[in-house]
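Pasting a structure here, questions to come.
The values are calculated or read from the model by the stated rules, or taken from the named source; none is laboratory data. Because the structure is predicted, anything quoted here is derived from the model rather than measured. Neighbour counts run over all protein chains shown; Cβ positions are idealised from the backbone, glycine included.
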Amino acid sequence: MLELKNISWSLPGGEKILENVSLEIPSGKLTVITGPNGGGKTSLAKLIAGLEQPDSGRIFLDGEDITDWDMTKRSLSGIGYAFQQPVRFKGLTVRDLLELAAMRTLEESELCDYLGKVGLCAQEYIDRVVDASLSGGEAKRIEIASVLAKKDAKVLVFDEPEAGIDLWSFSSLIDAFEKLKVTEHKSLLIISHQERILEISDYIAVIADGHVRTLGEKSEILPTLFSEEKAVRCPLGKDTEEGI
Amino acid sequence: MDKTTEELLGIVSDWSGKFQGAYNIRENGACAGRQSSANIQIDSKTDAPGLVIHIKPGTMGETVYIPACVTHGDIDDLVYNDFYVGEGADVIIVAGCGVHTDDGHDARHNGIHRFILGKGARVLYKEKHIGTGSGTGMKRIDPVTDVIMDEDSYLEMDTIQISGVDSSIRKTSAKLGKGAKLVVKERLLTDGTETASTDFDVVLEGDDSGVDIVSRSVARGNSYQEYHSKISGNCRCTGHSECDAILADNGRVNAAPELFAGNLDASLIHEAAIGKIAGEQIVKLQTLGLTEQQAEEKIIEGFLRG
């Protein structure tokens, strides 16, 4: 389980992005963070993966304080992070990236499995270079596959995985998320506005203006999330510091 | 054959105790082994040190190896190798050079290669350079390549300088006839106080000829590299020159691609990009569990391989 306690974070210029955010991401459950653009969702994901360090507050993984750990150590401890904007490399192939994530040589069948989950045909892609020759959607899917291939993952964070993915591939991805959650008992944290992802979630947190505005079980949050009343109320709703 | 030669051969020409087919091994300025094949004849030049290699028209799928090694200091090896590739032949030429010195004397190899490709001939030319040894003497490799390409011929040059060469000056010139295609993939890694200069001069003389030069380099430590390419299009032709360099530490690179279009239908492009490794690339690999240093190594490895 991943636990965030009273996390605050500001930009170098001092602008507050997150303030006093507390969340629990339980094992074997899918938590979706949603909310308006610019609310601090991606910043929260980066803080979890160690790309940024909080100004205050602590982060715990299975009870261990990992706040001061760097990205490498967090990754080795089981935290995976799929970037919202995929990174391109001149020279590194899809196979390279997936094998780096898995920390071993992968059989073609394994590569096929990871790429199949994001709707890509392995034979066409394993030797492709992860560079500008890939479309935005292809790069995004490979980015997600690199996290699915991660060795000994405990907590997987996906930042808007639906972006650039077609409906058919998206169905495969939904299946992969459910399998990770149910069969492999991973903690999943997905930043998304996509209704189908919200529908398969266990918990939903709405983050706006750097605060957790709403937090609860899907059955409680989802019915009202997109209602007119909620859409207006959410960003200005009552703060909560309760964990899930 | 010297043990150092065997080690160098393993690195630069995939030597595993023997070569299949035609070959000539040059060791410290002398011939350490030679074999011709039914289709590839290797002879010594009569007017200068070096070889004349005749590849018969229509030769298909054969490989000829002509590696050169310098295994100790105080050797300045100069060699002239001429390759005549017959019409319609399709072959691989593996060159490669290793220089080694364990003392204070310089070790240098200067290979001047001339390729004359007949009509429709296809050649993959592979050349790997490395410097080894703990001596303070300079390890130098200064290759010169001159290419004349007849109608519809194709030459792919795959060159790589791995490490340890203190100074390298590479000059490549080519003249392309109608429909001829030249593809150059150059990869270069310098470190410490090494310097490397590479200079391409390609003249497109026949309609529908084309050249594609892609140079990828990494300059680390206090090393310095220069890249210059000139593509002259005097006909309906295409030309592309790309220099892509990564800087690390205090590495420096000077890139100067040059184009000349002497015909309305010449289509020429050059690109040059120099910069450090993008931070987001390192971060991505760190999120996969690599340290910053491991991430840099992996990115450079891929960059030079690709």
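Of the residues A:ILE48, A:ILE59, which is touching a helix residue (DSSP H, G or I) at 6+ places or on another chain (Cβ under 9 Å) and away from chain B (no Cβ under 14 Å)?
Of the residues listed, the single one that is touching a helix residue (DSSP H, G or I) at 6+ places or on another chain (Cβ under 9 Å) and away from chain B (no Cβ under 14 Å) is A:ILE59.
If you don't mind, another one. So which residues in region A:181-194 are more than 18 Å from A:ASP62 (Cα to Cα) and not hydroxyl-bearing (Ser, Thr, Tyr), if there are any at all?
A:VAL182, A:ILE190, A:ILE191, A:HIS193, A:GLN194, listed by residue number.
What are the residues in region A:5-58 that are of a type in the set (A, V, I, L, M) and over 19 Å from A:ALA82 (Cα atoms), if any?
Passing the criteria: A:ILE7, A:LEU11, A:ILE17, A:LEU18, A:VAL21, A:LEU23.
Next question. Here is a check on your reading of the model: is A:GLU160 on the phi > 0 side of the Ramachandran plot and within 15 Å of the chain's Cα centre (by Cα)?
Yes; evaluated as a whole, the condition is true for this residue.
Continuing with this model, one more query. Would you point out which residue out of B:ASP212, B:ASP199 is without any contact (Cβ under 8 Å) to a residue 40 or more places away in the chain, within 17 Å of the chain's Cα centre (by Cα), more than 22 Å from B:ASP166 (Cα to Cα) and more than 14 Å from every other protein chain (Cβ to nearest Cβ)?
From the options B:ASP212, B:ASP199, the qualifying one is B:ASP212.
Which one of these does A:GLN85 not meet: (1) within 18 Å of B:VAL283 (Cβ to Cβ); (2) crowded, with 19+ Cβ neighbours inside 10 Å?
For A:GLN85, the failing item is (2).
How many of the residues making up region A:83-118 are more than 11 Å from chain B (Cβ to nearest Cβ) and either at positive phi or assigned to a loop (DSSP other than H, G, I, E, B) (or both)?
Qualifying residue count for the region: 6.
State all residues of region A:130-184 that are farther than 28 Å from A:GLU64 by Cβ, away from chain B (no Cβ under 14 Å) and not in a helix (DSSP H, G or I); if no residue qualifies, say none.
Result: A:SER135, A:GLU160, A:GLU162, A:ALA163, A:GLY164, A:ILE165, A:ASP166.
A further question follows. Name every residue in region A:201-216 that is under 24 Å from A:ASP62 (Cβ atoms) and touching a strand residue (DSSP E or B) at 6+ places or on another chain (Cβ under 6 Å), in order of residue number.
Matches in region A:201-216: A:SER201, A:ASP202, A:TYR203, A:ILE204, A:ALA205, A:ILE207, A:VAL212, A:LEU215.
In region B:244-264, what residues are in a strand (DSSP E or B), charged (D, E, K, R) and over 23 Å from B:ASP208 (Cα atoms)?
Within region B:244-264, B:ASP244, B:ARG252 qualify.
Any idea which of B:SER241, B:SER217, B:SER267 is more than 9 Å from chain A (Cβ to nearest Cβ), among the polar types (S, T, N, Q) and either in a helix (DSSP H, G or I) or surrounded by fewer than 21 Cβ atoms within 10 Å (Cβ to Cβ) (or both)?
It is B:SER267.
Just need a number here: residues in region B:77-110 that are farther than 28 Å from B:HIS54 by Cβ, small (Gly, Ala, Ser) and touching a His at 6+ places or on another chain (Cβ under 9 Å).
Total meeting the criteria: 1.
Since A:GLN53 meets every condition but one in (1) in contact with a helix residue (DSSP H, G or I) (Cβ under 9 Å, 6 or more places away or on another chain); (2) surrounded by 20 or more Cβ atoms within 10 Å (Cβ to Cβ), which condition does it not meet?
So the condition that A:GLN53 fails would be (2).
Follow-up question, since we're still on this one. Of all residues in region B:1-14, which are out of contact with any Asp or Glu (no Cβ under 7 Å at 6 or more places or on another chain) and either within 18 Å of B:ASP77 (Cβ to Cβ) or assigned to a strand (DSSP E or B) (or both)?
Listed by number, the residues that qualify are B:THR4, B:GLU6, B:GLU7, B:LEU8, B:LEU9, B:ILE11, B:VAL12, B:SER13.
Applying the selection to region B:250-268, what residues are touching a Gly at 6+ places or on another chain (Cβ under 9 Å) and either more than 22 Å from B:ARG220 (Cα to Cα) or at pLDDT below 95 (or both)?
Hits for region B:250-268 are B:LEU259, B:PHE260, B:ALA261, B:GLY262, B:ASN263, B:ASP265, B:ALA266, B:SER267, B:LEU268.
Further question on the same structure: Step by step: first the residues of region B:45-67, then only those that are at pLDDT 95 or above and among the aliphatic types (A, V, I, L, M), then the one that is farthest from the chain's Cα centre (by Cα). Which residue is that?
Here the residue is B:MET60.
Go over the candidates B:GLY302, B:GLY289, B:GLY221 one by one and state the one that is out of contact with any Gly (no Cβ under 9 Å at 6 or more places or on another chain) and farther than 30 Å from B:GLY177 by Cα.
After ruling out the rest, the residue left standing is B:GLY289.
What are the residue pairs meeting all of these: first residue in region A:85-97, first residue without any contact (Cβ under 8 Å) to a residue 60 or more places away in the chain and over 15 Å from A:ASP127 (Cβ atoms), second residue assigned to a helix (DSSP H, G or I) and of a type in the set (Asp, Glu), Cβ atoms under 6 Å, and 6 or more apart or on different chains?
Correct list of pairs: A:PRO86/A:GLU143; A:VAL87/B:GLU280.
Enumerate the strands (runs of 3 or more DSSP E) found wholly within region B:39-154, keeping only those where 1 or more residues are touching a Lys or Arg at 6+ places or on another chain (Cβ under 7 Å).
Ranges flagged: B:40-44, B:50-55, B:68-70, B:75-85, B:90-94, B:97-100, B:107-117, B:122-132, B:139-141, B:144-149.
Just checking, how many residues over region B:220-238 are surrounded by fewer than 24 Cβ atoms within 10 Å (Cβ to Cβ) and over 19 Å from the mean Cα position of the chain (by Cα)?
Residues that pass the stated criteria total 8.
Any idea which residue in region A:163-212 is surrounded by the fewest Cβ atoms within 10 Å (Cβ to Cβ), counting only those that are touching a residue at least 60 places away in the same chain (Cβ under 8 Å) and under 17 Å from A:GLU143 (Cα atoms)?
A:ALA163
Within 14 Å of another protein chain (Cβ to nearest Cβ), within 30 Å of A:SER77 (Cβ to Cβ) and out of contact with any helix residue (DSSP H, G or I) (no Cβ under 8 Å at 6 or more places or on another chain): which single residue out of B:ILE282, B:ILE274, B:ILE300 fits that description?
Being within 14 Å of another protein chain (Cβ to nearest Cβ), within 30 Å of A:SER77 (Cβ to Cβ) and out of contact with any helix residue (DSSP H, G or I) (no Cβ under 8 Å at 6 or more places or on another chain) holds for just one of B:ILE282, B:ILE274, B:ILE300, which is B:ILE300.
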